[in-house]
Structure formats: structure tokens, C-alpha cells
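The values are calculated or read from the model by the stated rules, or taken from the named source; none is laboratory data. The model shown is predicted, which means the values in this text are computed figures rather than measured ones. As a convention, Cβ positions derive from the backbone with ideal geometry for all residues, glycine included, and neighbour counts pool all protein chains shown.
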Amino acid sequence: MDRSVLEGDPHRVLEGMAIAGYASGASQGFIYVRAEYPLAIERLRLAIKQAERVGLLGNRIFDSQFNFRIDIRIGAGAFVCGEETALIRSIEGKRGRPRPRPPYPSEKGLWGAPTLINNVETFANIAPIIRKGSAWFAAIGTPKSAGTKVFALAGKIRNTGLIEVPMGIPLRKIIFDIGGGTPEGTTFKAAQTGGPSGGCIPGDSLDLPVDYESLATVGSIMGSGGLIVMDSTSNMVDVAKYFMDFCVDESCGKCVPCRVGTVHIHGLLEKISGGRGTTDDLALLEELCQMVKETSLCGLGQSAPNPVLSTLRFFRHEYTELLSAPEGFVPAGAANEKSTTG
Amino acid sequence: MAILTLTINGEHVSGKDDESLLAIASQHGIRIPTLCHLDGLSDVGACRLCLVEIEGSPKLFPACTTRPQEGMVVSTDTERLRRYRRIIIEFLASEGNHQCAVCVVNNHCELQNLAYETGLTHVSVPYLYPKKDLDATHKDFIIDRNRCVLCTRCVRVCHEVEGAHTWDIAGRGISCEIISDLNQPWGASGSCTSCGKCVLVCPTGALIEKGEAVAEMEKKTDFLRYIVTARQKREWVNVDSDEE
């Protein structure tokens, strides 16, 4: 994931940014990095100093007319600051809250100026593509999703850690060849990608190629590259509840659907997982998920219901098994049973 | 600036390309429910009540921040939009402690009117009963955070029109709250000019005048249009005089 690049090869990102600055006519770049990544910050600072010392950053780069400075801005622990408009506001020193687009950052971004904003992974790819050519890059992966992707393999799997794989690799290869499969005595159930904004890939889709398009067909996303493996012991309602709890915490509170809707969705999940949910609660859960997805202001709210919708799609029975009978409902034969036992 | 023609709810309308869909609709007598929007303040697209459908896109667009395009086909009152608007009002009702019967703005409340308009008969989600503060330290006004819908009109009018920026937001998510200065009691605020604009633009009974009894206070927001228009047209600047 992005932290591994910032820690392992920060110069790659600086080079990519300088090239992007040259191409777009910018003279100032910012790296927005989480305060929770102190090693990344330390190495980025060192790398910027090194690059400035040898004239790869700063004024008159390679004795040309081109000047480019890079400064670091450190986040204050808000997930929503990954959303581009919130990130820009945070760099400006304001509250990290998203705003409606358009205008897009390319039109009106940092301090109102046209702004190019990209992910660490994107900038890290630029220099190798220029050095080796676009044909080399396009030859890796699939026609629509070129290149490689770094995943953080975690969960119920033998080998966890960071892996770099070509796009389009079948999920089966990641789980069993690289990950070594699920622990002894359990079977693979699902893989969750894209974190709290993503969804699940169920066990019967093990041959799904892992690329942007294929993930979209099962309702998941690539996201930042989190890949959490669940085995037969995992409870999918708890998985959905865990991610919703995260979104409740991380909602910035600006728009009503995300601020209040995530709380109610979490409450319904809590009720259902506690065995107190009814079929009406399940119907309401689905309606609220759809509503929050369609009406929220930014990507956080729009994707917050994804883990619920995804687990409902593939593991609906885990929800229905937890439902209690509606109040006043007497199952057939229960009255007889009472008279015989009582 | 160009004049564009578009269709709203099957009606052909025209509007300027730098106006919002909300403004164009309102000029043609088409009502779109709003809460965070107020003529004279910047738009933030936060309440999501003014979401509309645009033909050719599965997404919903906030009318307050969406600009028109030639030939655009807009629907403002579909079954889906009506349902979502009702849920938004349900969310707001469940989020605070809104007791209309004992509220100073009862019968003059925008949240109450929106509940009527969206046909809200009951709230299907549980009430959250938050424990929020009431601050009556200001000599003239009260802020009751239990009745706040976080529309941020007060924040914007104080920053954009009065220029004091007394109000801002603290916390995040469901624990967001409107605070004065750096979370000082309102009465101790050094930046507040006691102009009362925030009280007048507040859509609910969260910001009220002292001394008003239940259902007594009616808020007026017209003043904002006059101030903003006068500033834009520089009506208060005597360009001919040479006072110095």
C-alpha cells in the first residue's frame, strides 16, 4: 500500500511529482501524509532534503527554468481527508470537510488555484513508465487495468503481509499460492477488498481476476489495496457492523445522510446481530443503505453502506438466521406444545 | 454569461449558466425543499433535501450547487426523491431533541414545515436522545444545541455577512456541535458583535431571543437579501463624495 512506497522508496514519489509539476506547469507540490505514519514522514523529509541538495528539487532543476518545491502536510487523523476536496481544505489549514464537486480541483483546488491531485501509487508509477515506456507498463496486467497492485493481505490466512501482483491475477492465486490458504481446519469464505468502502468477493468467485472492472461486477472496489480474508468461522454480520462502526466514527458530520444514517444503520446491525432484529428491521436496513449511498455528499458516505449491501448480497442467510420472530408471532404448533408441556 | 434552455418537471425553462438549478427552479415557481440553503449565503450542499434527478445520470444532484446545461432534463419531485426527503427529515427529527409543543418557534419552524411538506407522519428510526448543552450566557440570545440541525447557516452568516466568525463547528460525525469562538460560553465571546443575524437565519429553535414564550418567535431572513444586494451594488458607497 501507499505507506510501503513512502517508507521504502520516497524518491520515486518525489520524482513522479516533479515530473507532474513540469508537465502541468506547477511550481509547488504538497504531500499529505497521515500523522500515524511517522516513519514515512521521517523518510520523506530526508528524501526531500537529499533531492534539494543535488538539485532535483528547488530552483532551476537541472539548470533549467523549472522550479519545483515539495512540502509535507501532516494529517490529524481523519479518514475523510482522503477525499480530495477535504484533503485540499486540510492542507489549507481548515477543517477537513468535503465540498460538492464541480468545481473539481483541476478547475478550483488548493487556495482556489487549478490543482492536480493524485495518489501516491500513481506518482510512484510515473518515472518507471517514462524510463521503460508505456508499452512495457501496459504489458503488465489487463488491457483496462494496467500495471501492478500492492495489496495488504490480512485476516484468516497463513501468510499475511504486503504483496505486489500484476492486475488481473485470479483471486485463487493470491489466497492459496501466495497466502497459503486459510488456517488448518477451516475453508475460505470470502475476501473483503477496499476496506470500509469496499465489499466482499464470495468463495464461489475464487477465479475472479483481480482488476478494477471485475471487482466492480461483484460490487467491490480496489481502494487502497486492503485484502482481508474470511474463513468459515467469520460472521459476516459482524464484519459489516465492524466497518459501519468505523464509518460512524469517521463521518465528518457535514451532510445529514452520512452523519445520521450511518448511526442508524449501525444500530440496526447491532439489533440484528444481537438476535433482536425483525424482518421489518432488515427491510429498513436495506432502504437506509440505499438512501445513504445515493444521497451522501462525498465518497465516504456514498460507499459507507457497501460492506452491508455486499454481505447482504452474498450472505443474506446469515442475516435472516439471526432474525427473531415479530412481536406477538406464534409459530405453528407452538400453542399445542405449550398445552402438552405445561 | 449565456442563457440556457432546460426542462424541469416537463416544463421548458430558461436560466443563466452561472445560476444554480435551485435558483432557476424558484424563478419559475417550482419549489424544491431546502434547509441549509439561504438566499444571500454561500451554498454548502449539506442537507441533501434539494437533490434532483438529471436525465442520463443515475446519480442525484444537489440543486443548490449544480449549474444548468443546455437541454438538461431535470426532475425535482419523483417518488424516489420524495421518499429520500422524508428519510432526511426523519434523520433530523431522530438526531436532536425536538419538542415542538414547548418550542419558541413552534408553528414558525422550517424543520416542522418540512416535516409537513414531506408527509412525515411518524419516525421509523429510533430517537437518539443526545445529551446536548443549552448556552444562555449571552445577554440577548440563547443557543439550544438540542434543536440544532447543523445547517451551518449561523456559521456562514457570521463569517460571510457580519465578518465576525464567532460560530464554527467542533467534533465530527454525530457529535458535531456549533461552538462560539474556541468553545467559550457565548456570553464570553470576544468576537461576537451581538448583531443577532445568526438568530434570524436559524431555521429552528436552536438560536432564539431571550424573553420569547412558546410559539412567539417568528424569524425573518429578508434582511439578508437587502444587505447582500446593497453590498454587491455598492449602494452604501457615495462615489461622488470626496470626504478626504
Inside region B:203-238, the number of residues satisfying the requirement of being of a type in the set (D, E, K, R), under 20 Å from B:Glu110 (Cβ atoms) and in a loop (DSSP other than H, G, I, E, B) is 5
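Among the residues of region B:75-82, is there at least one that is within 10 Å of chain A (Cβ to nearest Cβ) and free of Cβ contacts under 8 Å to residues at least 40 places away in the same chain? Steps first, answer last, please.
Step one: of region B:75-82, the residues within 10 Å of chain A (Cβ to nearest Cβ) are B:80-81.
Next, only the ones that are free of Cβ contacts under 8 Å to residues at least 40 places away in the same chain stay: B:80-81.
Checked region B:75-82: at least one residue is within 10 Å of chain A (Cβ to nearest Cβ) and free of Cβ contacts under 8 Å to residues at least 40 places away in the same chain.
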Filtering region B:1-47 down to residues that are surrounded by fewer than 20 Cβ atoms within 10 Å (Cβ to Cβ), in contact with a Gly (Cβ under 8 Å, 6 or more places away or on another chain) and under 18 Å from B:Arg225 (Cβ atoms) yields B:Ala23, B:Gln27
Of B:Pro68, B:Pro130, B:Pro126, the only residue that is assigned to a loop (DSSP other than H, G, I, E, B) and more than 26 Å from A:Asp281 (Cβ to Cβ) is B:Pro68
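Looking at B:Arg48, is it among the basic types (Lys, Arg), within 12 Å of chain A (Cβ to nearest Cβ) and assigned to a loop (DSSP other than H, G, I, E, B)?
Values: among the basic types (Lys, Arg): yes; within 12 Å of chain A (Cβ to nearest Cβ): yes; assigned to a loop (DSSP other than H, G, I, E, B): yes.
For B:Arg48, the condition - among the basic types (Lys, Arg), within 12 Å of chain A (Cβ to nearest Cβ) and assigned to a loop (DSSP other than H, G, I, E, B) - is met.
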Of the listed residues (B:Ile169, B:Ile174), the one being under 19 Å from the mean Cα position of the chain (by Cα), surrounded by 15 or more Cβ atoms within 10 Å (Cβ to Cβ) and either acidic (Asp, Glu) or not in a helix (DSSP H, G or I) (or both) is B:Ile169
For region B:85-96, pairs from a residue that is more than 7 Å from chain A (Cβ to nearest Cβ) to a residue that is crowded, with 22+ Cβ neighbours inside 10 Å, with Cβ under 6 Å and 6 or more apart or across chains, are B:Arg85/B:Pro33; B:Arg85/B:Leu49; B:Ile89/B:Leu114; B:Gly96/B:Arg147
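Taking region B:133-152, which residues are within 14 Å of chain A (Cβ to nearest Cβ) and either hydroxyl-bearing (Ser, Thr, Tyr) or more than 21 Å from the chain's Cα centre (by Cα) (or both)? It would help to see each step written out before you state the result.
We begin by selecting, within region B:133-152, every residue within 14 Å of chain A (Cβ to nearest Cβ); these are B:145, B:148-152.
Scanning region B:133-152 gives a single hit, B:Thr152.
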Selection from region B:94-116 of residues within 16 Å of the chain's Cα centre (by Cα) and either among the basic types (Lys, Arg) or assigned to a helix (DSSP H, G or I) (or both) yields B:Glu110, B:Leu111, B:Gln112, B:Asn113, B:Leu114, B:Ala115
Looking across region A:68-110 at residues that are under 22 Å from A:Leu6 (Cβ atoms) and of a type in the set (Val, Ile, Thr), the single one that is nearest to the other protein chains (Cβ to nearest Cβ) is A:Val80
Within region A:269-290, of all residues that are over 25 Å from A:Ala191 (Cβ atoms) and surrounded by 22 or more Cβ atoms within 10 Å (Cβ to Cβ), the one nearest to the other protein chains (Cβ to nearest Cβ) is A:Leu288
Within region B:55-85, restricting to residues that are buried (at least 19 other Cβ atoms within 10 Å of the Cβ) and not hydrophobic (A, V, I, L, M, F, W, C), the one that is farthest from B:Asp39 (Cα to Cα) is B:Tyr84
Within region B:19-38, residues part of a loop (DSSP other than H, G, I, E, B) and either modelled with pLDDT under 95 or among the aliphatic types (A, V, I, L, M) (or both) come out as B:Ile30, B:Ile32, B:Leu35, B:Leu38
Residue pairs qualifying under the 6 Å Cβ cut-off, at least six apart or on distinct chains, with the first in region A:13-31 being in contact (Cβ under 8 Å) with a residue 40 or more places away in the chain and the second being part of a helix (DSSP H, G or I) and among the β-branched types (Val, Ile, Thr), are A:Val13/A:Val120; A:Gly16/A:Ile126; A:Ile19/A:Ile126; A:Phe30/A:Ile91
Inside region B:156-187, the number of residues satisfying the requirement of being within 14 Å of chain A (Cβ to nearest Cβ) and touching a residue at least 24 places away in the same chain (Cβ under 8 Å) is 7
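It is to be established whether one or more residues within region B:123-132 are without any contact (Cβ under 8 Å) to a residue 40 or more places away in the chain and more than 14 Å from every other protein chain (Cβ to nearest Cβ).
The initial filter retains those residues of region B:123-132 that are without any contact (Cβ under 8 Å) to a residue 40 or more places away in the chain, namely B:123-127, B:129, B:131.
Retained after the next criterion (residues that are more than 14 Å from every other protein chain (Cβ to nearest Cβ)): B:131.
Yes, region B:123-132 contains a residue that is without any contact (Cβ under 8 Å) to a residue 40 or more places away in the chain and more than 14 Å from every other protein chain (Cβ to nearest Cβ).
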Checklist entry - Has region A:66-75 got at least one residue that is at pLDDT 95 or above, closer than 19 Å to A:Ala127 by Cβ and of a type in the set (A, V, I, L, M)? => result yes
Among the residues of region B:127-146, is there at least one that is closer than 30 Å to B:Ile24 by Cα and surrounded by 14 or more Cβ atoms within 10 Å (Cβ to Cβ)?
no
When region A:234-268 is checked residue by residue, the ones that are within 12 Å of another protein chain (Cβ to nearest Cβ) and among the charged types (D, E, K, R) are A:Asp245, A:Asp249, A:Glu250, A:Lys254, A:Arg259
Exactly one of B:Val125, B:Val105 is over 17 Å from B:Thr221 (Cα atoms), hydrophobic (A, V, I, L, M, F, W, C) and in contact with a helix residue (DSSP H, G or I) (Cβ under 9 Å, 6 or more places away or on another chain), and that one is B:Val125
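Quick one: count up the residues across region A:254-268 that are surrounded by fewer than 21 Cβ atoms within 10 Å (Cβ to Cβ) and either touching a Leu at 6+ places or on another chain (Cβ under 7 Å) or closer than 30 Å to A:Gly185 by Cβ (or both).
Filtering region A:254-268 for residues surrounded by fewer than 21 Cβ atoms within 10 Å (Cβ to Cβ) gives A:267.
From what is left, the residues that are either touching a Leu at 6+ places or on another chain (Cβ under 7 Å) or closer than 30 Å to A:Gly185 by Cβ (or both) are none.
Residues flagged as surrounded by fewer than 21 Cβ atoms within 10 Å (Cβ to Cβ) and either touching a Leu at 6+ places or on another chain (Cβ under 7 Å) or closer than 30 Å to A:Gly185 by Cβ (or both) within region A:254-268 amount to 0.
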By residue number, the members of region A:195-227 that are buried (at least 22 other Cβ atoms within 10 Å of the Cβ), of a type in the set (A, V, I, L, M) and touching a residue at least 40 places away in the same chain (Cβ under 8 Å) are A:Val210, A:Leu227
